[in-house]
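Shown next, in structure tokens, is the structure this report addresses.
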Amino acid sequence: MGFDNPNYPYLLRSSQTDLLLFYYFQMRLPRIRIPDWMKTIFSLYFVSFFIWASCSSGDKNPNVTGSFEEVAMGDSSSADSVGEIAGNYFIKRYDGKMDNQYPISMVLINWGDGFLSGRYWYQGKNKPISLSGELSDSLSFQIVESVDFKETGTFEGILEDKQHLAGTWHNPKRTKKMEFDLLEIQSTDTMGWSGDWHLNEVWDQGLLLIGNVTADSFDFALSIVRSSHIGTIEGQASIKGNKAFFSLKDFEDEPCKMTFLKKEGYIMVDQGSSNFACGFGARANADGKYDRKNLVKKAELAVGTDEDAILPTKILHDSFLALVGRDAYALFAFNMQLTERSKNLAPEKLDAWVVKGYVSGLVGSNEAIIMYDKQGKIWAATLDFDKTNNESLVRYFTNDPLYSTRLPLTIEEWRAGFKGYRVVFQKPPL
């Protein structure tokens, strides 16, 4: 039984507003970065756009606890070999010349997944030109510049050394070209701002890159994903002690404001403006704790008698885990970010509690339901995606022999929005 990684949400029917907004931004604004998994979803999403309308939820507390597991990536500063350049983060400043006569400066960001972004300017003019491009596994790069959403040129070359950027610039029609040769400007960071910092949450991931640190400023790039809501921003922050401040008016009348607080081993980010002022999706705010290490945090079903608990006792929790197995348990926990609890009202003799769950912004693709009674009987179902057969389906589990081959009426009603999905009646793991 091959369950998908629960930390990889299925976005076929995710938030329409955010996906449309950021699809537009990706096409028109080079500084907006969309993660690779989000890009692959767009084609599927627009096919289904007029078929299914997703629902959004209000702000509620997650009904799970979480645990950290293995480190997925550490500080990129420890990886120096040429072969690792394409797979490591950095944000660097380069100075040099175009055509051996025009002095320029460039801030280049490597997001670690082949996507490059940044800006450059002719020295003395200080008018930044946006950059967006790709770095291949062979370390060749192609970086497009644009002004007012219009392509104005392309930088091409091979990044054989992170300290040296060289190649050829040409205009869009390739009727004009100039050689460029740039060297990294080394910075001294006495406060430890530099590097990659990670927001480590079950449903929320963020990457904060900081570089080019001086006594009074640093360059940064931040990408955030909260359920289906995403946002990216780049800029320069002013340093004052162990704090740094950023303010830029771009998308709204109000400026996008952020405060960075440097702590031992992590950075606290406080977004002091609306998400729209920063060009983010509806819920993709940048607030949070960004750790030096990139950790994988797995969801766990909350146990107890308070209103946020999903299962009332540890005994029932352990019975549920034994029934569904660890892989399916992780999927249930992930799909129950937000929950609703009620008594079973279906016209059948099941004196049970019902807990329905879903992921914010991902109704229709990330949902689950758990029913249980005082005798320890469990009836549970979750949405899943079978990569082998390329299909969405419902996985159903129970320890009640009377319902081993049929669904309780409450679960039948729960799956009314996806009746076309095949139901897999799972057997308990051996």
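A compact table of results
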{"item": "Segment 190-294: trypsin sites (Lys or Arg not before Pro) in DSSP coil with no more than 13 other Cβ atoms inside 10 Å", "result": "K249"}
{"item": "Neighbour-count order for H198, H229, H164, fewest beta carbons within 10 angstrom listed first", "result": "H164, H198, H229"}
{"item": "Lysines with Cα under 22 Å of K298, excluding same-chain neighbours fewer than 8 positions away", "result": "K60, K289, K314, K356, K387"}
{"item": "From the C-alpha gyration tensor of segment 286-430, square roots of 5λ in Å", "result": "25, 19, 15"}
{"item": "Protection-proxy order for peptides 95-101, 146-152, 132-138, each taking the mean of Cβ atoms within 10 Å per residue, highest first", "result": "132-138, 95-101, 146-152"}
{"item": "Neighbour-count order for D306, D250, fewest beta carbons within 10 angstrom listed first", "result": "D306, D250"}
{"item": "For segment 131-147, Karplus couplings with θ = phi - 60° (6.51, -1.76, 1.60), whole Hz, Gly/Pro x", "result": "10, 7, x, 9, 10, 7, 4, 7, 6, 7, 10, 9, 10, 8, 9, 8, 10"}
{"item": "Partners for K263 among aspartates and glutamates (Cα-Cα distance below 17 Å; same-chain residues under 8 apart left out)", "result": "D75, D189, D196, D287, D291"}
{"item": "Only Lys, Arg (+1) and Asp, Glu (-1) charged, at Cβ; segment 304-430 dipole about Cα centre in debye", "result": "300 debye"}
{"item": "Alpha-carbon centroids, segment 396-430 and segment 118-153: separation in whole Å", "result": "53 Å"}
{"item": "Exposure proxy order (Cβ contacts within 10 Å, fewest to most) of E348, E254", "result": "E348, E254"}
{"item": "Calculated from backbone phi, Karplus (6.51, -1.76, 1.60) coupling profile of segment 245-256 in Hz, x at Gly/Pro", "result": "10, 10, 8, 8, 9, 9, 8, 10, 5, 7, x, 7"}
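FYI, it's all coordinate maths here, none of it is from the lab. Predicted, not measured: the structure shown is a model, and the values here were computed from it. Cβ sites come from the backbone with ideal geometry, for glycine too, and all protein chains shown count toward neighbours.
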